[in-house]
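Notes for the one structure printed next.
Only the coordinates and a few stated rules stand behind these numbers; no lab work does. On a predicted model such as this, the values are computed, not experimentally measured, just so you know. All Cβ positions, glycine included, derive from the backbone under ideal geometry; neighbour counts span all protein chains shown.
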Amino acid sequence: CSWRSMAMRQTPLTCSGHTRPVVDLAFSGITPFGYFLISACKDGKPMLRQGDTGDWIGTFLGHKGAVWGATLNTDATKAATAAADFTAKVWDAVSGDEVLSLAHKHIVKSVNFTQDSNCLLTAGNDKLLRIYDLSQPEAPSQEIAGHSAAIKKALWCNNDKQILSAADDKTIRLWDRSSMQEVKMLTFETSVSSMEYMADGELLVITYGKTIAFYNALSLELIKTVEAPAPINSASLHPEKDFFVAGGEDFKLYKFDYSTKEELESYKGHFGPVHCVRFSPDGELYASGSEDGTLRLWQTAVGKTYGLWKCVLPGKSLFVSVYTCLVRTFHFQPV
Amino acid sequence: MATPVSVLRLPKGPDPNSRGFDPNSPRFVALCRTSISTSAAEADAKELQREQRARSALRERFLRCLLTMTNKKVQFHMHEKVDVEATFGASDIDVLNFQVSDLHTPIGVQKEALIRCQDVISFTFDM
């Protein structure tokens, strides 16, 4: 299909269901059943969706407070969530059942599985990093102290041998798992709004103010920074490292060229600030979560046939324009 | 003028009546043989059979219990040392909520109420 030759306008797919702001989202790896997406929401009900279509699969019920962080393991068999009810929970992502509830001393903000799904890293307002051995849930977690303010995000890196954490003390720290010691620290002028780690290439994507910064995840050396038109809350680098997307306080999604730093596109759609944005594992789409309570899926290559998007041949364009217009105006779903 | 990309349909939203995780989906059928963590993955086939038989028996007993309880006075023992009495109406399909009437609480009688199952430790009633 000659989608490249036509000027196509992006049609985001809106996933509704949450009743409060969506604050975090994560994709699984690619599994024999496709890939999956989990969303964390202030309504306390994280949801699992089919990654390429946004179709709702189920809601994880059990938290008694806003869910601040959510993650899936690589094969999407387990989910973990971090909530304001002072617990992190592990779930069976196939049945939706709660498997473990890990009590903390304060609001939990971040959860992350190791690649083998055997350990869970949690972090939050008690300023501690905790490592849980999921095969021995009764055993106390290992604790790493050091941050002087609430931790926003903590991620495994360097083949799960190290940990990266970003906190409200305006630092990002690198820790060694076996020694539990701090290895390196980055200090910023302002609080970091988000952090994404890419194992392939050992890259770290950090956002603060209107800046999207790219670091080497092992050395914490700065690679480059890019300035956006508005304060940015989250950014994600395409798996092939040719684009990155960012979203923030002006409700828009921005797409930049990674090598040239050029702003390529901007998309309106959300009715509130964008809190999180992530590329799918195959890079074909990216998902954004917003204060408006919705998740939206956006195509990387606008006009390509993928998931629910369909490429249409030039001859049918009038019919398709009318049809698409009807779908969008009346939200009518054909049988 | 740019043409908007066409879509086959909109993403499916949540089902208002259930929490999802369709047990008939190919993924569930393939991966959820025993979803309960207490069953060891490498358990002896005979052991597994015994366990499954026990689980079926317990489940059947529980469901019969819910049926028998209908319209009877039930005492619910809940977290935080809360004990309440109510007339049991019905359970929802995922056993997440119990619909009750005349719920006697320390601050009065609630004519109709929903009790969240995860807050209930145990319940008793006279048959």
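Based on the Cβ-Cβ distance of A:K261 and A:S135, what FRET efficiency does E = 1/(1 + (r/R0)^6) give at R0 = 56 Å, to the nearest 0.05?
Details: r = 45 Å, r/R0 = 0.80.
It comes to 0.80.
Compute log10 of I(q)/I(0) for segment B:73-125 with the Debye formula, placing one identical point scatterer on every Cα and leaving out solvent, at q = 0.15, 0.18, 0.29 Å⁻¹, to two decimals.
Relative scattering, expressed as log10 I(q)/I(0), comes to -0.34, -0.50, -1.30.
Show me the GluC sites (Glu not before Pro) within segment A:71-172 that DSSP assigns to loop and that have at most 10 other Cβ atoms within 10 Å of their Cβ. Display every interim value, and only then the final one.
Details: sites: A:E98, A:E138, A:E143; in loops: A:E138.
Qualifying residues, ordered by number: A:E138.
Just in segment B:48-127: which GluC sites (Glu not before Pro) are loop by DSSP and have at most 14 other Cβ atoms within 10 Å? Walk me through the numbers before you get to the answer.
Values: sites: B:E51, B:E60, B:E80, B:E85, B:E112; in loops: B:E80.
Those that pass, being in a loop and sparsely packed, are B:E80.
Using the reciprocal of the averaged 1/r over all distinct C-alpha pairs, how large is the Kirkwood radius of the protein assembly as shown in Å? Can you show the working numbers first?
Numbers: mean 1/r = 0.0415 Å⁻¹.
Taking the inverse mean of 1/r over all distinct Cα pairs, the protein assembly as shown comes out at 24.1 Å.
May I ask you to sort A:C15, B:C65, A:C311 by Cβ crowding, counting other Cβ atoms within 10 Å and putting the fewest first? Spell out each step's value before the answer.
Values: A:C15 26, B:C65 12, A:C311 17.
Fewest to most other Cβ atoms nearby, the residues stand as B:C65, A:C311, A:C15.
Over chain B, what number does the Rg to Rh ratio reach, with both radii from the alpha-carbon atoms and Rh per Kirkwood?
1.14
For chain B, which span is the longest to avoid every loop-located (per DSSP) member of trypsin sites (Lys or Arg not before Pro) having at most 13 other Cβ atoms inside 10 Å? Kindly include the intermediate steps, with their values, before the conclusion.
Numbers: sites that count: B:R33, B:K72, B:K81.
In short, B:82-127.
Summing -39500 (n - 2.57) over the DSSP H runs of n ≥ 4 in chain A and dividing by its residue number, what mean residue ellipticity at 222 nm do you reach, to the nearest 500 deg cm²/dmol? Provide the component values of the computation, followed by the final result.
Values: 1 runs with 14 residues, N = 335.
After summing the helix terms and dividing by the residues of chain A, the value is -1500 deg cm²/dmol.
No solvent, one uniform scatterer per C-alpha: report log10 I(q)/I(0) for segment A:1-148 via the Debye equation at q = 0.16, 0.21 1/Å, two decimals.
Values, matching the q order: -0.81, -1.28.
Going by average Cβ neighbours within 10 Å, how do the peptides A:39-47, A:293-301 rank, with the highest at the top? It would help to have the intermediate numbers written out before the result.
Details: A:39-47: 24.4, A:293-301: 21.7.
Output ranking for A:39-47, A:293-301: A:39-47, A:293-301.
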